[in-house]
Amino acid sequence: MTMSVPERKSGSEGKEEESEDESEILEESPCGRWQKRKEQVSQGNVPGVESASLAMDTEEGVEVVWNEVLFSDKKVFKAQEEKIKEMFENLMQVEHPNIVKFHKYWLDMKESQARVIFITEYMSSGSLKQFLKKTKKNHKTMNVKAWKRWCTQILSALSYLHSCDPPIIHGNLTCDTIFIQHNGLIKIGSVWHRLFVNVFPGASVHGKSRQHRDEQRTLHFFAPEYGTGADDYAIDIFSFGICALEMAVLEIQANGDTAVSKEAIANAGQSLEDPLMREFTQSCLRHEAKLRPTAHDLLFHRVLFEVHSLKLLAAHCLINNQYLLPENCVEEKTKSFDPNAIMAEIKHEDRQGVQLKYSHVSPLELDKFLEDVKNGIYPLMNFASSRPHPVPRALSLSQEQVETVKTPTPEPQETETRKVVQMHCNLESNEEGTKTHLSLFLKMDDKLHRQLSCDILPTDTSKDLASELVHYAFINEEDSEKVAGFLEDAISRHRVRALVSGATQ
């Protein structure tokens with residue numbers, strides 16, 4: 001198997017002509033949603049994909065990355081086809097605000113060759129490595145608050161991966177595979193690094209990943225036990241420790257083109273003025289893997305841990321239950337408030353109290369804060385970890401295990417993965433009160449919404465009605481429980497109001 005890597009165009013054409021050439025559409029996905037362009041992009045040190053093409057998502061109107069894996073031998077592809085499908089289906093299940101999104105994949109079979117094409121989120125603002133270089137070039141130092149916020153976001157993503165059942169090991173975490181957006185949101189890419197190694201243990205993709213591992217400039221990101229067969233999530237903690245150190249000092253100096261030495265890493269660690277930051281990074285870089293803390297433990301380290309503000313807790317509560325609220329409810333609510341009204345007051349016996357008015361809160365700042373929380377910039381970490389996320393076994397098996405484990409072929413089954421982001425229910429009774437018409441509107445995350453309606457008789461129970469509607473809505477299991485509870489409550493409240501209205505008349 002070989003990897004198709006399109007060559008970057010060379011020449012002395014004008015910028016305008018070059019821009020037109022790069023925006024030219026070369027290919028479309030079978031569904032017509034994704035359009036491949038000429039322009040090449042780099043999305044970090046991804047095994048087997050040295051460069052990829054920029055593409056357009058015509059439904060969302062955003063740029064994405066079009067990646068290709070080319071099989072010159074169709075027999076090799078056929079032998080691996082089921083394993084390839086399973087791997088990419090597994091990638092579709094990984095979802096976290098601080099992890100680069102995997103959108104879609106499909107297979108393209110031709111007479112002479114076969115391709116696997118997969119679409120990933122495009123990180124237009126560049127890698128963390130590029131940002132650190134620019135910061136150093138401008139003779140600036142790293143802001144401690146920004147460093148803490150970045151560490152928290154990276155650890156939040158690693159904690160998610162490691163808490164999956166079984167755990168997902170990233171295996172390729174460097175400052176080149178961590179991306180930073182203009183709003184300060186951090187995302188880690190190349191999550192499929194270990195999957196490529198596991199699914200193609202003897203193929204050239206495996207060779208590519210080893211080549212990346214041996215690159216001199218990134219060698220210091222890898223733990224001493226990396227590649228021994230006995231490595232586990234601790235290799236990600238070691239890599240994170242180097243990333244955290246580089247974020248603090250901007251660059252760990254190397255001698256020319258040679259690898260960064262242990263002495264250079266030690267000197268960079270000792271240069272940190274804050275003893276807590278020094279202790280934090282050193283704990284990640286311990287030689288013995290078993291002595292390194294987990295990602296979850298690091299989130300509670302004294303250098304990062306802080307008691308969440310009531311404002312942040314309220315924001316997470318609002319976003320997690322947004323499907324219960326009407327659209328633009330925050331904007332409408334803030335408009336209705338009297339700016340001079342008092343929303344809270346602190347009284348003191350021995351001195352003047354403090355009054356907090358609605359005018360003290362900027363609606364624009366509140367909207368931005370809620371958007372940042374929704375995007376994952378301020379994760380909640382000071383609570384017990386949630387139940388493990390079940391992930392198919394192929395995500396974390398070693399290459400030896402992948403070869404020995406035989407998975408029975410499952411029956412074809414259509415499953416719903418889209419999420420309900422908002423729901424509305426409307427109930428109207430006829431004049432006689434003999435039946436009620438119910439309309440349910442479900443707003444989905446892919447903007448392909450659903451609307452259901454039915455007539456309700458007085459003898460129908462709210463629980464049975466809710467269960468039946470949810471069944472016909474065909475939504476995922478987690479959302480089914482939320483929608484059923486929402487419907488049951490809405491029907492019950494409507495009937496109570498009808499009884500009260502009838503009694504008053």
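The values are calculated or read from the model by the stated rules, or taken from the named source; none is laboratory data. Because the structure is predicted, anything quoted here is derived from the model rather than measured. Cβ atoms come from the backbone with ideal geometry, glycine included; neighbour counts cover every protein chain shown. Surface areas here come from the heavy atoms of the whole protein model, side chains and all, with no ligands, DNA or RNA. Shrake-Rupley method; radii C 1.70, N 1.55, O 1.52, S 1.80 Å.
From Glu18, Glu111, Glu13, grab the single residue that is of a type outside the set (Ser, Thr, Tyr), modelled with pLDDT under 75, surrounded by 15 or more Cβ atoms within 10 Å (Cβ to Cβ) and over 26 Å from His193 (Cα atoms).
Numbers: Glu111 fails: surrounded by 15 or more Cβ atoms within 10 Å (Cβ to Cβ); Glu13 fails: surrounded by 15 or more Cβ atoms within 10 Å (Cβ to Cβ).
Checking each option against the conditions leaves just Glu18.
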Any hit, region 207-222, residues being modelled with pLDDT of 85 or more, open to solvent by less than 30 Å² (accessible area, probe 1.4 Å) and under 25 Å from the mean Cα position of the chain (by Cα): yes
First in region 476-497 and acidic (Asp, Glu), second anywhere and at pLDDT below 80 and open to solvent by less than 70 Å² (accessible area, probe 1.4 Å), Cβ under 8 Å, 6 or more apart: Glu488/Ser462; Glu488/Leu465; Glu488/Ala466
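From the list Thr258, Thr281, pick out the single residue that is modelled with pLDDT under 80 and assigned by the TED database to the domain that holds Tyr226. Before the answer, list the steps.
Working: Thr281 fails: modelled with pLDDT under 80.
Of the residues listed, the single one that is modelled with pLDDT under 80 and assigned by the TED database to the domain that holds Tyr226 is Thr258.
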Any hit, region 175-196, residues being open to solvent by 20 Å² or more (accessible area, probe 1.4 Å) and modelled with pLDDT under 80: yes
Test: Gln93 is outside the structural domain of Ala157 (by the TED database) and either buried (at least 18 other Cβ atoms within 10 Å of the Cβ) or farther than 22 Å from His162 by Cα (or both): no
Which listed residue is open to solvent by less than 80 Å² (accessible area, probe 1.4 Å) and modelled with pLDDT under 75, from Ser439, Ser492, Ser396: Ser396
Region 157-174, subset buried (at least 24 other Cβ atoms within 10 Å of the Cβ) and among the polar types (S, T, N, Q), residue farthest from Glu306 (Cα to Cα): Asn172
Test: Glu225 is out of contact with any Asp or Glu (no Cβ under 7 Å at 6 or more places or on another chain) and among the acidic types (Asp, Glu): no
